[in-house]
1. Evaluate the Debye formula for the range A:41-160 with equal point scatterers sitting on the alpha carbons, no solvent, and hand back log10 of I(q)/I(0) at q = 0.11, 0.14, 0.18 Å⁻¹, in q order, two decimals.
2. By per-residue mean of other Cβ atoms within 10 Å, what is the highest-first order of A:247-254, B:336-343?
3. Report the dimensions of chain A along its three principal axes from the alpha-carbon atoms, largest first, rounded to Å.
4. Please list the non-local residues whose amide H lies under 5 Å from the amide H of B:VAL265, H modeled 1.01 Å from N, same-chain partners needing a gap of 5 or more.
5. Using a 10 angstrom cutoff on alpha carbons, build the Gaussian network for chain B and name the most mobile of B:ALA113, B:ALA201, B:ALA281.
6. log10 I(q)/I(0), Debye, Cα-only the protein assembly as shown, no solvent, q = 0.07, 0.09, 0.11, 0.12 Å⁻¹?
7. For peptide B:47-54, compute the average count of partner chain beta-carbon atoms within 10 Å of each residue's beta-carbon.
8. Which entries in B:LYS132/B:LYS178; B:LYS252/B:LYS346; B:LYS320/B:LYS346; B:LYS178/B:LYS346 show an alpha-carbon gap greater than 26 Å?
Amino acid sequence: MSTPGNSALRKTVYWGTHYLMIAAFVVFALFPLYWLLKVSVTPNDILYTEGVRMWPSRTTWDNYTFVMTQSNFPHYFMNSVIVSGSTAFFTCIIAAVTGYAFSRFRFRGKIIIVALMLITQMFPLVMLIAPIFRILAPLGLTDSLTGLIIVYTAFNVPFATFLMQSFFDGIPKDLEEAAMIDGNTRFEAFRRIILPLTLPGIAATLGFVFTAAWSELLFALMLVSSESASTFPVGLLSFVSKFGVDFGQMMAAGVLALIPACAFFLLIQRYLVQGLTAGAVKG
Amino acid sequence: MASIEITNARKSYGAVDVLHGINLDIQDGEFIVLVGPSGCGKSTLLRMIAGLEDITSGDISIGGTVINDLQPKDRDIAMVFQSYALYPHMSVAENMSYALTLRKTAKEKVASAIENVAGVLGLNALLERRPKALSGGQRQRVAMGRAIVRQPQAFLFDEPLSNLDARLREQMRTEIRKLHRRLGATSVYVTHDQIEAMTMADRIVAMYNGIVQQVGTPLEIYDRPANIFVASFIGSPAMNFLEGIYQAEGDKAAITLEDGTVIPVLPSPQAENGQHITLGARPEHIDIVQDGSRPAVSSNVELIEPMGLSTLVHVTLAGKPVKIFTLARPDLAIGSQVQIAFNMDKTHIFDRQSEQRLLPLNEPRHTQQT
Ligand SMILES: Nc1ncnc2c1ncn2[C@@H]1O[C@H](COP(=O)(O)OP(=O)(O)OP(=O)(O)O)[C@@H](O)[C@H]1O
Ligand SMILES: [Mg+2]
């Protein structure tokens, strides 16, 4: 039917289309980030005068220097690191043990707990702000980083638990049974055999929770009123004044805020890639 | 080393009863094979001995101590899993030494134990590898090694060979037997492969539907199956079954098949005239009679399977398929008639209702029946 030359051509066309589509997707996904970067290095005086251009005629680091030295941004930034880091840490610990229990044990009320956890994911967060404020206020947890960590952890645990459960489900039960017969208690078997094998899953969960907490705005805005406990998404809003929006500085802060998230993923990507090839780990 | 006693052990998952009262005494140093079709509860029983499943009721003791409530780690048993369950993030040596290091065994002792076992199993060159980098057969050996290194009270095996190809399985079968002879450790071996059961066991425990059907040496089970299940499960090619009616007169008895064919059998005091019977005869206990030297019945040749050493002849008798195993190479045409004779001493009769074997006169009841 088809000559070799013909099929080679078809292959080229096939792969060409393939890469073209991937390229289109990447451009689509990254364009906003590119725009963020572009605006952040555009001098204020030509921001509105040059019209829409792919790259400004002059560039400047002024916005960055201002954000780093003249604004509260470094402080917000530290707050965000503390809140997101702690949230990711506590959520992962809780999700790991809960996910393990869901994956391995049969116990009364399991269905009910799973259902309750799913239901918590169904409500729009806005509905919950008032009651949560009422609960936290008498405890002195409004306007504090601790309060934010508690709320974020509570909101992220259900999803993280389901995520961790699916990772545990992927690890054969035989492994910890073998360890238990070899002389471990169940908890030791979990810690020494199962946890090391779930590192990719834990990394993925950490990354997911960290970014979710990093970019959370609603609670950060509602539960915190003082400058000292503000996180950076709230801080970004401070670039919006009554008289206008300082886009250059806001974008510079935005670019800086991307750095920890990127660094975090670079840190865990080794495990994430392992996670994708987890099939190689056969019991 | 130790004996294992299982007394009236039951297992239920909620309303589902999986094991209905198992009684079993395993002698010190014995190699016991639990055999039965998929889902009959073999693994469940093994896992109850290991402590991986709770015992719903009854007792299991190892070396005279009831261990119902002991953690697996305190039972001093080793188990080889069907999946091998090697720790993927540890090297072969670490896998094998894991239990010993948990027991805080001295380093030199661990090293010499590993070296010893690795030598026996031919694993010396693989000690630093991860399980991922091993073939199926090598993984199987590591799993065995991990169990042996510990010198436990008893070994439990759950279908350890079922992931290997036929040749390797045969080889490991002999190797496990040799190891057992050398170590003399009490072993409980689960399989659904009746050939493994026959070749490896000191005693076979045949299970079906959560009930022990028969316990006995391989030949006892083969020659004197307790019921139709055991008779059909053990032996390959499988036993032939034909339905008929029992008739006895004096010291002679016979089964009349549906088409009127009469097959002589040993009389049984447990059978009554007119009783509905299932007759069972192994393929090697039916002979092709071509010279008219013995009384025989006529059947139709359907298919001939030469197997080199032997030949399997498929015929129909009274409308039912019957297989005949012969070492001769009979010269038969498909579609022709052939005279066949049942070896009366080896032909069994089973009550069709209860499916229990009806014993001939003078046969002692010395295998356990349930
Ligand atoms: N968690 C469970 N809940 C309900 N029933 C179960 C559970 N685990 C096992 N069973 C049932 O118990 C029975 C025995 O299972 P078991 O694993 O012991 O079978 P087996 O003889 O080892 O079979 P196979 O040869 O397939 O391994 C099966 O019918 C199974 O459906
Ligand atoms: Mg099984």
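Read the figures in this text as sums done on the coordinates, not as results from a lab. Since the model is a prediction, treat every value here as computed from it, not as a measurement. Don't worry about glycine lacking a Cβ; one is built from the backbone with ideal geometry, like all the others, and counts go over all protein chains shown.
1. Scattering profile of the range A:41-160, log10 relative to I(0): -0.64, -0.81, -1.01.
2. On the way: A:247-254: 22.5, B:336-343: 16.0.
So the peptides A:247-254, B:336-343, ranked by packing, come out A:247-254, B:336-343.
3. In descending order, the Cα extents are 80, 73, 32 Å.
4. B:ALA253, B:ALA254, B:ILE255
5. B:ALA113
6. -0.72, -0.94, -1.13, -1.22
7. Values: counts 1, 0, 0, 3, 3, 7, 0, 0.
What the average comes to for B:47-54 is 2.
8. On the way: B:LYS132/B:LYS178 28 Å; B:LYS252/B:LYS346 15 Å; B:LYS320/B:LYS346 20 Å; B:LYS178/B:LYS346 32 Å.
Check vs 26 Å cut-off fails for B:LYS132/B:LYS178; B:LYS178/B:LYS346.
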